[in-house]
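Notes for the one structure printed next.
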Amino acid sequence: GDDEDLEARPPVVTVMGHVDHGKTRLLDTIRKTKVAEAEAGGITQHIGAYQVDTELEGTDRKITFIDTPGHEAFTAMRARGAKSTDIAVIVVAADDGVMPQTIEAINHAQAADVPIVVAVNKIDKEGANPQKIRQQLTEYNLVAEEYGGDTMFVDISARQNINIEGLLEAVLLTADASLDLRANPDMEAQGVAIEAHLDRGRGPVATVLVQRGTLRVGDSVVAGDASGRVRRMLDEFGEDVKEALPSRPVQVIGFTSVPGAGDTFLVVDEDRVARQIADRRRAR
Ligand code: GTP
Ligand code: NA
Ligand code: MG
């Protein structure tokens, strides 16, 4: 599309950090805080990606969050995560300090030229030392604003729901200060598959992040060497949605096989074309 077709889109934020430093708990807390009313249906299952409504200085805003595992075996996921993201939130447990996967996550984000916000988590714990985290991270060129640098550090407790709003604000301020987040919604969708699995009842289910264009029920899609047609799309509440705009993660049902995590996806004109592309890729 033309430059004039570009419209503002929400930041896509990948949450990374060392194992057990609280990434998933943080995402659960954000989700509960921001979408409590919508949860009347009682959906409690963990999902790896969702979008929340928030506000900054009186303006309604959205943020998309993506979870990643901190276990050392998941280096490739963190590398991919850093690439498909606008901002990295690096979670560091204030009692544990900077650890190997903290550093690895920082390296991935910096290699991908992605701005970093540091969430200093577990400040409720005995032995928490948030200032020490700031000192440790200067070694990795992350200098806190209060020390004359340009990285926002936010002290939080995911468990006790402390200063979550401050973290969301830091994410939006960082986005506004350093990024021009726009995409053309009026084209066939493109994006990336974040995770995918085979569901017993539904068949292949893929969580995809739309990066450009609008994804719609009925679209013919190809992701890696998997193809299909979007039969249903589900949002973070498990509710059916008919379309997904740029920066929106949705669960897609309708692939005939399971795409790989990290595969790019695109919408094509017809099922036959999607199948041909997938077949060709599979043959390689
Ligand atoms: P991996 O996905 O395995 O890398 O871990 P994670 O970073 O997602 O950590 P997770 O959210 O699973 O939290 C690990 C443990 O820390 C859980 O028992 C959480 O309840 C606990 N935890 C997370 N945040 C806090 C916090 O702010 N304070 C305290 N005290 N505990 C926390
Ligand atoms: Na964990
Ligand atoms: Mg986790």
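The values are calculated or read from the model by the stated rules, or taken from the named source; none is laboratory data. All figures in this text were calculated on a predicted structure; none of them were measured in a lab. Glycine also receives a Cβ, built like all others from the backbone with ideal geometry; neighbour counts cover every protein chain displayed.
Conditions (1) out of contact with any strand residue (DSSP E or B) (no Cβ under 6 Å at 6 or more places or on another chain); (2) among the aliphatic types (A, V, I, L, M); (3) under 22 Å from G81 (Cβ atoms), marked per residue:
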site: M187; (1), (2), (3): yes, yes, no
site: V208; (1), (2), (3): no, yes, yes
site: S220; (1), (2), (3): no, no, no
site: V230; (1), (2), (3): no, yes, no
site: E236; (1), (2), (3): no, no, yes
site: A244; (1), (2), (3): no, yes, yes
site: R248; (1), (2), (3): no, no, yes
Exercise. Can you find even one residue in segment 75-90 that is surrounded by fewer than 16 Cβ atoms within 10 Å (Cβ to Cβ), among the acidic types (D, E) and on the phi < 0 side of the Ramachandran plot?
Worked result: no
Problem set entry | Sole residue being within 18 Å of G262 (Cβ to Cβ) and modelled with pLDDT of 95 or more, chosen from A49, A109, A82 | A109
For this session: For residues that are free of Cβ contacts under 8 Å to residues at least 40 places away in the same chain and on the phi < 0 side of the Ramachandran plot, tally how many sit in segment 143-164.
Result: 14
Problem set entry | Subset of segment 65-103 (residues that are within 12 Å of ligand 1 (Cβ to nearest atom) and without any contact (Cβ under 8 Å) to a residue 40 or more places away in the chain) | A73, F74, D95
Exercise. Taking segment 143-158 as the region of interest, how many residues are farther than 11 Å from V92 by Cα, of a type in the set (A, V, I, L, M) and not in a loop (DSSP other than H, G, I, E, B)?
Worked result: 2
For this session: Please determine, by comparing only the residues of segment 133-142 that are part of a loop (DSSP other than H, G, I, E, B) and out of contact with any strand residue (DSSP E or B) (no Cβ under 7 Å at 6 or more places or on another chain), which one is surrounded by the most Cβ atoms within 10 Å (Cβ to Cβ).
Result: Y140
Exercise. Any idea which of A119, A94 is crowded, with 23+ Cβ neighbours inside 10 Å, within 16 Å of ligand 2 (Cβ to nearest atom), among the small types (G, A, S) and under 17 Å from L167 (Cα atoms)?
Worked result: A119
Seminar exercise, completed: From the option list G201, G166, single residue qualifying as modelled with pLDDT under 95, of a type outside the set (S, T, Y) and not in a strand (DSSP E or B) is G201
Exercise. Which of (1) β-branched (V, I, T); (2) under 21 Å from the mean Cα position of the chain (by Cα); (3) buried (at least 17 other Cβ atoms within 10 Å of the Cβ) is the odd one out, the single condition V230 does not satisfy?
Worked result: (2)
Exercise. If we scan segment 178-195, do we find a residue that is surrounded by fewer than 18 Cβ atoms within 10 Å (Cβ to Cβ) and without any contact (Cβ under 8 Å) to a residue 40 or more places away in the chain?
Worked result: yes
Exercise. Taking D2, is it modelled with pLDDT under 95 and more than 16 Å from ligand 2 (Cβ to nearest atom)?
Worked result: yes
